[in-house]
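**Q** Take a look at this one; I'll ask things after.
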Amino acid sequence: MADENEHSQRRGPIKSSVGNIAANRRRQQAVTVSKERREALVRTKRLCRDGIVNDDDIDNLGDGDKDMMIDEEQTALDEQTTQAVELLKSALNSQGAGSKTKKVEAIRDLRRLLSKSEIPPVEAALKAEVIPALAQCLAFGSPDEQLLEAAWCLTNIAAGEPEQTKSLLPALPLLIAHLGEKSSIHVAEQCAWALGNVAGEGEELRNVLLSQGALTPLARMMLSNKGSTARTAAWALSNLIKGPDSTAASELIKINGMLDAIVRHLNKADEELATEVAWVVVYLSALSNLAASMLIKSDLVQILVWRLATSDSLQLLIPVLRSLGNLIASDSHKTYVLTAGHDITENVILALVKCLRCEHRVLEKEAAWVLSNIAAGTLAHKQLIYSSEATPLLLHLLSAAPFDIRKEVAYALGNLCVAPVEGHGQPNIILDHLISLVTRGCVPGFVNLVRSADIEAARLGLQFLELVMRGMPDGEGPRLVEKEDGIDAMERFQFHENGELRVLANGLVDKYFGEDYGVEE
């Protein structure tokens with residue numbers, strides 16, 4: 001599996017010493033739920049309040065029943081939940097006429113308690129040993145109403161705290177079994193929802209699900225033309241394959257029909273389904289070279305660009321942009337995803353400009369990252385970005401944006417100023433780009449990066465100051481750096497614990513501000 005763990009990175013020309021840091025960060029980002037993603041869309045676990053089907057489809061609840069328990073105290077709710085579990089156990093042991101109806105009614109009452117409160121009484125249900133009873137309710141041959149209600153209860157238990165989610169371990173094989181074609185579509189979807197919550201808990205439970213064979217039946221469900229089925233399956237799969245092991249992602253893309261389904265859903269589906277599928281693409285493209293290669297060879301890049309240009313849905317734009325960035329950065333040594341001069345490349349730039357203008361932190365950061373990778377391509381790629389509306393937007397963000405965005409922007413601007421080089425030698429400067437960016441005021445932004453506590457950002461700032469001092473005509477570079485207190489910023493590394501930065505900064509100070517500096521004046 002060595003090939004699956006090698007992730008190349010295209011934004012490296014300005015800083016050969018950190019060529020793989022950004023790629024590793026992208027991989028780490030792909031296997032964690034970031035604060036930004038939580039703010040944009042709660043995805044990892046989902047409490048089921050309304051179910052796969054409405055209550056009206058499985059019983060005739062009145063309006064008063066639908067509002068039950070909302071205003072009850074938590075202690076009273078816990079007591080009722082304990083009683084409901086005991087009644088369910090009693091119903092499961094009943095025999096004779098009416099026993100099936102009694103079981104369905106008992107589990108439905110429990111499901112209402114676990115669904116209608118802001119804080120579901122999961123702990124009370126677990127203390128009453130509800131899991132063995134719910135597993136018994138999932139027995140094959142049970143009525144669909146019973147299977148659906150049991151899966152719904154397990155879905156909400158799995159949406160709880162980590163230990164509550166782990167309590168589902170005995171029921172997982174049955175939930176997976178009910179994903180099969182012999183189950184009704186409503187039961188299969190609810191089971192997929194429950195499994196998605198389990199997978200969202202973490203690597204340990206993901207590995208359990210994978211070892212028990214959850215990947216293939218969920219993938220088959222995602223192939224469906226039924227929107228709710230494909231959407232639920234895609235969400236569950238995005239939780240199941242998100243790493244850090246790339247094996248699941250590689251296995252998923254090899255399943256017959258999966259690549260076609262991804263392309264079809266992203267091209268034709270509504271934005272809600274497209275969002276879930278786009279998150280699957282995020283993890284496929286970030287974790288598996290095999291998946292990234294297959295996705296690149298399809299029409300997916302064009303479809304992602306189209307979605308990026310035409311959608312205003314933040315929930316969709318975030319995974320679409322991340323997917324596009326992963327694909328552009330995935331395989332730089334073998335192929336360019338975007339060929340300079342083609343309409344698709346120009347459309348990408350226009351779509352990224354839209355994201356830079358949107359003033360949403362996540363999109364600005366992701367757009368800058370994608371631009372930095374395009375800017376690390378050929379001279380034609382650099383010229384395309386440099387001459388576009390992206391450049392003034394990047395310059396503005398370098399001085400005005402939050403730190404994490406400024407760092408991504410700095411990579412993009414830095415890559416615009418250096419020509420592609422072979423090996424790890426000193427990069428050649430694209431002089432007209434450098435002069436223009438410096439004239440338009442970018443030096444203070446890079447000096448601020450040098451002053452930051454972030455090692456990667458400080459290194460990037462030092463490398464750009466080296467370009468300025470080496471490349472600006474008439475020896476103007478050192479003076480410009482000095483004017484912005486760049487000497488003071490570099491001297492802070494005189495005794496820095498990071499040896500690489502210490503040598504780099506001290507070398508620049510000695511070379512450009514040594515004993516002879518200012519003598520001619």
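**Q** When only Cα pairs under 8 Å and 6 or more residues apart are kept, what is the percent relative contact order across the range 392-505?
**A** Numbers: 119 pairs, mean separation 21.7, N = 114.
Computed over the range 392-505, the figure is 19 percent.
**Q** Amide H to amide H under 5 Å from VAL418: which residues, 5+ apart in sequence or cross-chain, H placed 1.01 Å off N in plane?
**A** ILE430
**Q** Still on this structure, I have one more. I'd like to compare 490-502, 379-391: which one has the highest average count of other Cβ atoms within 10 Å, and what's the full order after that? Each step should come with its number before you reach the end.
**A** Working: 490-502: 14.0, 379-391: 18.3.
Peptide ranking by packing, descending: 379-391, 490-502.
**Q** If you average the C-alpha positions of the range 437-471 and of the range 345-415 separately, how far apart do those two centres end up, in angstrom?
**A** Each part's Cα centre sits 17 Å from the other's.
**Q** Of the peptides 281-294, 81-94, how do they stack up when ordered by the mean number of other Cβ atoms within 10 Å, highest first?
**A** Working: 281-294: 25.2, 81-94: 18.5.
Ranking, from highest mean packing down: 281-294, 81-94.
**Q** Suppose a student asked you for the relative contact order of the range 345-410, using Cα pairs under 8 Å spaced at least 6 residues apart; what percent would you report?
**A** On the way: 60 pairs, mean separation 22.4, N = 66.
Answer for the range 345-410 is 34 percent.
**Q** Could you state the accessible area per residue of the range 141-193 in Å², with a 1.4 Å probe and every protein chain left in place? Before the final figure, lay out the partial values.
**A** Numbers: 1840 Å² over 53 residues.
About 35 Å² of surface per residue is accessible.
**Q** Here's something else I'd like to know. Solvent-accessible area of HIS396, probe 1.4 Å, all protein chains present, reported in Å² to the nearest ten, please.
**A** Accessible area of HIS396: about 110 Å².
**Q** Using only the Cα atoms of the range 123-209, build the gyration tensor, take square roots of its eigenvalues as a ≥ b ≥ c, and label the shape rounded, prolate or oblate: rounded if a/c is under 1.5, else prolate if a/b is larger than b/c, else oblate.
**A** Details: a/c = 1.95, a/b = 1.29, b/c = 1.52.
Note, shape of the range 123-209 comes out oblate.
**Q** Please report, as a whole percent, how much of the solvent-accessible surface of the range 261-331 comes from carbon and sulfur atoms (probe radius 1.4 Å). Don't jump to the answer; show the numbers that get you there.
**A** Numbers: 980 of 1990 Å².
Exposed carbon and sulfur together represent 49 percent of the surface.
**Q** Roughly how many Å² of TRP279 are accessible to a 1.4 Å probe, to the nearest 10?
**A** Rounded to the nearest 10, the figure is 10 Å².
**Q** Would you mind calculating the relative contact order of the range 184-300 from Cα pairs under 8 angstrom and at least 6 residues apart, reporting the percent as a whole number?
**A** Details: 140 pairs, mean separation 29.4, N = 117.
Answer for the range 184-300 is 25 percent.
**Q** Moving on. Rolling a 1.4 angstrom probe over the protein chains, ignoring ligands and nucleic acids, what is the accessible area of ARG322 in square angstrom, nearest 10?
**A** 10 Å²
**Q** Right, something else. Rounded to a whole number, what % of the accessible area of the range 337-420 do carbon and sulfur atoms account for, probe 1.4 Å? Please list the in-between numbers first.
**A** On the way: 1460 of 2720 Å².
Answer for the range 337-420: carbon and sulfur cover 54 percent of the accessible area.
**Q** Still on this structure, please answer the following. Extension gain ASN207-LEU431, at 0.36 nm per residue separation less the Cα-Cα distance, in nm?
**A** Details: separation 224, 0.36 × 224 = 80.64 nm, distance 5.21 nm.
The ASN207-LEU431 span can extend by a further 75.4 nm.
**Q** Taking LYS297 as the anchor, which lysines have their alpha carbon closer than 27 Å to its alpha carbon, excluding any fewer than eight residues away along the same chain?
**A** Output for LYS297: LYS226, LYS242, LYS254, LYS268, LYS334, LYS354, LYS365, LYS382.
**Q** Based on alpha-carbon centroids, what's the gap between the range 74-125 and the range 257-326 in Å, whole number please?
**A** A separation of 41 Å, based on Cα centres.
**Q** Give me the accessible area per residue for the range 214-291, probe 1.4 Å, as a whole number in Å². Mind dumping the intermediate values first?
**A** Numbers: 2290 Å² over 78 residues.
That works out to 29 Å² per residue.
**Q** ³J(HN,Hα) across the range 236-252 via Karplus (A = 6.51, B = -1.76, C = 1.60, θ = phi - 60°), whole Hz, x for Gly/Pro?
**A** These are the phi-based 3J(HN,Hα) values: 5, 5, 4, 6, 6, 9, 6, x, x, 6, 7, 4, 4, 4, 5, 5, 5 Hz.
**Q** Still on this model: Hey, rough spin-label estimate for ASP404 and ASN347, points 7 angstrom out along Cα→Cβ, what's it come to in nanometres?
**A** About 3.0 nm separates the two model spin labels.
**Q** Per residue, how many Å² of accessible area does the range 367-486 show with a 1.4 Å probe? Could you put the intermediate results ahead of the total?
**A** Working: 4190 Å² over 120 residues.
Accessible area per residue, the range 367-486: 35 Å².
**Q** Using the Karplus curve 6.51 cos²θ - 1.76 cosθ + 1.60 with θ = phi - 60°, work out ³J(HN,Hα) for each residue of the range 475-483 in order, rounded to whole Hz, and write x for Gly and Pro.
**A** Calculated HN-Hα couplings, in order: x, 6, x, x, 5, 5, 5, 4, 4 Hz.
**Q** Using the Karplus curve 6.51 cos²θ - 1.76 cosθ + 1.60 with θ = phi - 60°, what ³J(HN,Hα) values do you get for each residue of the range 170-179, in whole Hz, with x for Gly and Pro?
**A** Running phi through 6.51 cos²θ - 1.76 cosθ + 1.60 with θ = phi - 60° gives x, 8, 4, x, 6, 4, 5, 4, 7, 7 Hz.
**Q** So between GLU482 and GLU359, what do we pick up on full extension, going 0.36 nm a residue minus the alpha carbon distance? Can you show the working numbers first?
**A** Numbers: separation 123, 0.36 × 123 = 44.28 nm, distance 3.24 nm.
Length difference between fully extended and current span is 41.0 nm.
**Q** Determine the shape class of the range 62-205: with a ≥ b ≥ c the square roots of the Cα gyration tensor eigenvalues, call it rounded for a/c under 1.5, and otherwise prolate if a/b is greater than b/c, oblate otherwise. Numbers along the way, then the final one.
**A** Numbers: a/c = 1.55, a/b = 1.08, b/c = 1.44.
It comes out oblate by the Cα gyration axes.
The values are calculated or read from the model by the stated rules, or taken from the named source; none is laboratory data. Remember, it's a predicted structure, so these values are computed and weren't measured experimentally. Note that each Cβ is placed from the backbone with ideal geometry, even for glycine, and that neighbours are counted across all protein chains shown. Just the protein is used for accessible areas: all its heavy atoms, side chains included, with ligands, DNA and RNA removed. Shrake-Rupley method; radii C 1.70, N 1.55, O 1.52, S 1.80 Å.
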